[in-house]
Amino acid sequence: MPVDDTLSNPIDQNVQQSGKFGVNIGQGQEIHIGDIYQQIDPETVKQIVREELRLPQKEYGNSVGRGLAALAELMHHSEARSAVITFGADFRAACEQIDVIANYKELHDLLHTLEFQCYSGILQEAKRFSDPEDDTALEILMEHELTLQGILREVKNVAGRETIAISELLWLKHLEHAQGELHAAIETLDTRRLQRTIWLLSRILAIQPSRINPNLNAAAKALRLPALVNAMQAIWKSLVEANLNQEKIQQFQIGVVVLAELNQRLTALIYGHDCWQEFDLELRRIETNLDKDLIELEMSWPDLKERTESLFDPTADQWTLAFQQDSQNLDAALQAKNPAKIKRYFRMYRRRASERFYQVDVTLRRLCEELREVGEPLASVLRMIE
């Protein structure tokens, strides 16, 4: 994807990004990025999430990779090599953490797949599994078993990379147990073993996402992208003063600008993702008890309603309008104390929230993949000074 026109001549003009996390880069100017994890602005987060969901996808990794490749070509000059050596610790720290954050995100995505492409379907088919005249449920459960087997293989693959502590993957044995119970339930038509499968999967999904999220955040903070951006800016400044190949220096500077933007957007998406994860867990807890009684929903609704409004996009896009209507319908049903409508509107509200959470989740995964693309060219530069 071509670089934005505003970056086409970074040496001759200032390149600016507005907003709370704004970065100003131009000849003689420094990048300044504060501790954005402590200064996060919810409105800026919503703006960035909105842009990432709607705008054409930008290939951050390629642009940063080209910039680092240009830096590698300049490193046969002593000025460039010395500048990189000075900031070797920042390069090394980033290299070590990039795969960690990407692997945590991959685990989270696998749990998301487990919920929406496996567990939900198994739960639905369990209602008619015991009917000897209905073979459809059995066939669908066999398909879900294949999906579960694939998820299990992928989780084992991530576990084998040794970037995540074994203690954080103890739930893998529960996933294996669930897969075995599902297979046995299908083979023996045993409804009790199918219920055991559902219980095991429900337990994993109720606990593990909330455990992985803090680890994902911790890995993002340890990544220290702001420090890496500032280091690269200092390297760029020393290269300009050394009067080396201007075309390579321009390419490197573009990489610095794009990395700063990736840092900004990755941080905002992680924060936004946290909000939606917490919201989703709350809705899951309510949904579990919905068919038994409505007390959980009735007691939780005032807080949910307030949190719902904080998640609304101020631009009133199509999703926001639909979600607002779902919220109003549910609120009216609760006030009217109509159980049938309460359950119907809650499920519509839950589904709409899940759709947005899924979109945010996919967008964050894409940014983590872009970050992973930065890892190899960054490691290549690091190898040249070790």
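For residues in the range 362-375 being of a type outside the set (A, V, I, L, M, F, W, C) and surrounded by fewer than 21 Cβ atoms within 10 Å (Cβ to Cβ), which is farthest from the chain's Cα centre (by Cα)? Selected residue: 375. Contact annotation: no residue pair with Cβ atoms under 9 Å, 6 or more positions apart or on different chains, pairs a residue in the range 97-108 that is free of Cβ contacts under 8 Å to residues at least 60 places away in the same chain with a partner that is outside any helix (DSSP H, G or I) and of a type outside the set (Gly, Ala, Ser). There is no residue in the range 194-210 that is of a type in the set (Val, Ile, Thr), modelled with pLDDT of 90 or more and touching a strand residue (DSSP E or B) at 6+ places or on another chain (Cβ under 9 Å). Here residue 383 fulfils each of the conditions (1) crowded, with 20+ Cβ neighbours inside 10 Å; (2) modelled with pLDDT of 85 or more; (3) closer than 30 Å to residue 72 by Cβ apart from (1). Close contacts from the range 43-67, counting a first residue that is closer than 27 Å to residue 376 by Cα and a second that is not in a helix (DSSP H, G or I), with Cβ to Cβ under 7 Å and a gap of 6+ residues or different chains, come to 58/1; 59/1; 63/3. Could you tell me whether residue 327 is of a type in the set (Ser, Thr, Tyr), modelled with pLDDT under 85 and touching a helix residue (DSSP H, G or I) at 6+ places or on another chain (Cβ under 9 Å)? Here the answer is no, as residue 327 does not meet what is asked. Go through the range 358-373 and give me each residue that's in contact (Cβ under 8 Å) with a residue 24 or more places away in the chain and closer than 27 Å to residue 68 by Cβ. If the condition is that a residue be in contact (Cβ under 8 Å) with a residue 24 or more places away in the chain and closer than 27 Å to residue 68 by Cβ, then 363, 364, 365, 366, 367, 368, 369, 370, 371, 372, 373 are the ones that fit. Looking only at residues of the range 72-101 that are in contact with a Lys or Arg (Cβ under 8 Å, 6 or more places away or on another chain) and of a type in the set (A, V, I, L, M), we find that the one that is surrounded by the fewest Cβ atoms within 10 Å (Cβ to Cβ) is 93.
Sort out which residues of the range 124-145 are surrounded by 15 or more Cβ atoms within 10 Å (Cβ to Cβ) and either polar (S, T, N, Q) or assigned to a helix (DSSP H, G or I) (or both), and write them in order of number.
Hits for the range 124-145 are 125, 137, 138, 140, 141, 144, 145.
Taking the criterion of being more than 17 Å from residue 68 (Cβ to Cβ) and outside any helix (DSSP H, G or I), the only residue of the range 199-246 that qualifies is 243.
The condition (being out of contact with any strand residue (DSSP E or B) (no Cβ under 6 Å at 6 or more places or on another chain), more than 22 Å from residue 363 (Cα to Cα) and not small (Gly, Ala, Ser)) is satisfied by just one residue among 243, 215: 243.
The values are calculated or read from the model by the stated rules, or taken from the named source; none is laboratory data. Not measured: the values here are computed from a predicted model. With ideal geometry, Cβ positions are generated from the backbone for all residues, glycine too; neighbour counts draw on all protein chains shown.
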